[in-house]
Amino acid sequence: MENINKAIGVFDSGLGGISVLKELVSLMSDEDYIYYGDSFYAPYGTKKKEEIVKRCMEICDYFVSREVKAIVIACNTATSAAVNILRDLYKPLPIIGMEPALKLAAENKENNSIVVMATNLTLNEEKFNNLMKKYSNLNNIIKMPCPELVNIVENDMLDDTELVNRQICEYFEDIDMKSLDSIVLGCTHFVFFKEYLSKILDKKTNIIDGNNGTARRLKEILENCESIHKKDKDTKKGEIIFLNSHSDEKYIELSKRLFNSL
Ligand code: DGL
């Protein structure tokens, strides 16, 4: 098959990466996508690195068998644990990873107060700590592990406003909200909480995620290797296939619902 007509593989530990998929589809709507949610094994954020690497390799092997033209790791945790290994293993297949968009929050400003919401694994990994070192002498960066929010998305409890508000307020209990400049959503599941967060944050506090940057990066890579679908009024819109490691059909239904909610 010609590279141009091949699909793009997108995966996450579960349903968070659907927020990235939405951004990819908005930017490149003519492409075909296969989304693989690893909900049966979610969450990744509290697992050992070796276990995550193993799951990522199994998912990438599957994508290779489907002859995808690129893979997006729509998961900060899986990226921290496995991106270098995956790039080495599947060379020359382009593999796009994600990391908390701290640069975007810190750039061009000093004495910023920034909260990075992410999983325990992402926040403890060397990759993030090196990134943090770059900006922490000029900014006050607070690490905030939020594993409960991953479970809320996976268990279809996003509409339980009381539960979600209680959980979010608990995280921010000891934070001086008035002096907070930015919140970095360093986990793709957290994008689904933007509305909840904007209600409790001060108006001047920015909520930053890396989804748009990831989509633009993929577009650039596909353009460079001439594998991108050219916009043409005769071509049909791309197709999205939702897959999940959990055999319960409700995960596919929830995937579609989350995709349409953004
Ligand atoms: N969505 C994932 C991320 O971006 C991880 C959530 C999890 O499985 O713990 O980090």
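Within region 159-176, the set of residues being of a type in the set (A, V, I, L, M), modelled with pLDDT of 95 or more and surrounded by 15 or more Cβ atoms within 10 Å (Cβ to Cβ) comprises Val164, Ile168. Screening Ser179 on (1) over 27 Å from Ala78 (Cα atoms); (2) of a type in the set (Ser, Thr, Tyr); (3) at pLDDT 95 or above shows it passes everything except condition (3). Residue count for region 32-70, restricted to those that are within 15 Å of the ligand (Cβ to nearest atom) and either more than 20 Å from Ala101 (Cβ to Cβ) or among the polar types (S, T, N, Q) (or both): 20.
Out of all the residues in region 109-143, which are open to solvent by less than 10 Å² (accessible area, probe 1.4 Å), aliphatic (A, V, I, L, M) and over 16 Å from the mean Cα position of the chain (by Cα)? Ile114, Val115, listed by residue number. Taking the listed residues Ile85, Ile114, the one that is assigned to a strand (DSSP E or B) and away from the ligand (no atom under 15 Å from the Cβ) is Ile114, with no other qualifying.
State all residues of region 8-31 that are part of a helix (DSSP H, G or I), crowded, with 24+ Cβ neighbours inside 10 Å and either hydrophobic (A, V, I, L, M, F, W, C) or away from the ligand (no atom under 15 Å from the Cβ) (or both); if no residue qualifies, say none. Within region 8-31, Ile18, Val20, Leu21, Leu24 meet the criteria. Considering only residues that are open to solvent by less than 40 Å² (accessible area, probe 1.4 Å) and touching a Phe, Trp or Tyr at 6+ places or on another chain (Cβ under 9 Å), look in region 184-231 and name the one that is farthest from the ligand (Cβ to nearest atom). Looking at residues that are open to solvent by less than 40 Å² (accessible area, probe 1.4 Å) and touching a Phe, Trp or Tyr at 6+ places or on another chain (Cβ under 9 Å), I get Leu201.
Pairing each residue of region 74-85 that is open to solvent by 10 Å² or more (accessible area, probe 1.4 Å) with any residue that is among the acidic types (Asp, Glu), provided the two are 6+ apart or on different chains, yields C-beta distances under 6 Å for Ser80/Glu125.
The values are calculated or read from the model by the stated rules, or taken from the named source; none is laboratory data. On a predicted model such as this, the values are computed, not experimentally measured, just so you know. Quick reminder, even Gly has a Cβ in these numbers, built from the backbone with ideal geometry, and neighbours come from all protein chains shown. The area values use the complete protein model at the heavy-atom level, side chains included, leaving out ligands, DNA and RNA. Shrake-Rupley method; radii C 1.70, N 1.55, O 1.52, S 1.80 Å.
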